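In what follows, a structure is listed as structure tokens, so that the remarks can point back to it.
The numbers here are math on the coordinates, done by the rules we state, and not lab data. Note that the coordinates shown come from a computational prediction; the quantities given were computed from them, not determined experimentally. Cβ coordinates were reconstructed from backbone atoms using ideal geometry, including for glycine residues, and neighbour counts include every protein chain displayed.
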Amino acid sequence: MLWSFIAVLFSGWLYVDASYRGPGWQRWLFKPITIALLLALAWQTPLMSVTGYFIVLGLLATLAADILLLLPTQRMLFAIGAYSACHLLYTIGFLVAKASLTFFWPLPLLLLVIIVILLAILWSRLDTLRWPVVAFVVMNAVMVWVAGEQYFALGSSNNLSWFAGSVLLFIAHSVWLIHHYRFPFRAHQAMVAAGYFAGHFLIVRALYF
């Protein structure tokens, strides 16, 4: 696990470095490689469960989205759909692992407030992608909600890892959307990459508990 984490960290750092000052081919190469390393880590789980297969499928979906965004002509609609599919597969995987949910009301209330604020920031700039982005943001929030409810109900290490990973993915994708549609800023690449890679890693890491 340690060496796998170092490999993911190093590959992710090479992607961020290329985003700021490296050649374009390095950026195109190391984002898919980082996700591929996470795929290999998930596939090598000693006791692969149904949840593990859903997480592997989710990583394949996010890899497809990354490739779509790296094409010369970005396929934004399809990329958003693939990212949403990834988070849906993760959510199903969480539910399969622990099928019981409680209702810790502050979490969905907080998520609802965040969704409203985020969409208010983005709404006027979304144009034809308005409803796909709304569905994407809601799917992100549902993933966080399911992972959080299970953590607050059960409190185990793998539930904490899933919850933390889901929160990081939600933050990373929110920053990405804000940069793309509202406030472009150079630091977004490091922020998105850190949350994106760390989020997926924590979700994969939970398979080893």
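For region 95-164, the alpha carbon convex hull comes to 85 Å³ per residue, rounded to a whole number.
Given the -39500 (n - 2.57) contribution per DSSP H run of 4+ residues, what per-residue ellipticity at 222 nm results for the chain, rounded to the nearest 500 deg cm²/dmol? List each step's numbers first, then the result.
Details: 8 runs with 167 residues, N = 209.
Counting only the DSSP helices, I get -27500 deg cm²/dmol.
Taking label points 7 Å from Cα along the Cα-to-Cβ direction, Ile6 and Trp43 give a separation of 2.3 nm.
Which values, in whole Å and largest first, are the semi-axes of the equivalent ellipsoid of region 40-100 obtained as the square root of 5 times each eigenvalue of the Cα gyration tensor?
The equivalent ellipsoid of region 40-100 has semi-axes of 26, 14, 4 Å.
Given 0.36 nm per residue, what is the gain on full extension from Val50 to Arg130 after removing their alpha carbon distance, in nm? Write out the running numbers ahead of the final one.
On the way: separation 80, 0.36 × 80 = 28.80 nm, distance 3.37 nm.
Between Val50 and Arg130, full extension yields an extra 25.4 nm.
For the peptides 46-57, 143-154, 6-17, residues were scored by their other Cβ atoms within 10 Å and the scores averaged per peptide; the highest-first order is 143-154, 6-17, 46-57. Counted by Cβ distance under 12 Å from Tyr196, the other residues give a net charge of 0, where Lys and Arg count +1 and Asp and Glu count -1. Summing +1 for each Lys or Arg and -1 for each Asp or Glu among the other residues whose beta-carbon sits under 15 angstrom from that of Leu70 gives +2.
Label region 47-163 by shape, choosing from rounded, prolate and oblate, from the square roots a ≥ b ≥ c of the eigenvalues of the Cα gyration tensor; if a/c is under 1.5 it is rounded, and otherwise prolate applies when a/b is larger than b/c, oblate when it is not. Don't jump to the answer; show the numbers that get you there.
Numbers: a/c = 3.15, a/b = 1.29, b/c = 2.44.
Oblate is the answer for region 47-163, as a/c is 1.5 or above yet b/c matches or exceeds a/b.
The radius of gyration of the Cα set in the chain, together with its Dmax, comes out at 16.5, 49 angstrom. Candidate membrane-span-like segments in the chain, meaning DSSP H helices with Cα atoms spread over at least 30 Å of their own axis and a Kyte-Doolittle mean of -0.5 or above, are 50-70, 76-97, 130-154, 157-181, with no membrane implied.
As an exercise, use a Förster radius of 30 Å and the Cβ-Cβ distance of Arg182 and Asp17 to find the FRET efficiency, rounded to the nearest 0.05. Spell out each step's value before the answer.
Details: r = 26 Å, r/R0 = 0.87.
With a Förster radius of 30 Å, E is 0.70.
Working from label points 7 Å from Cα in the Cα-to-Cβ sense, the Leu154 to Leu109 distance is 2.6 nm.
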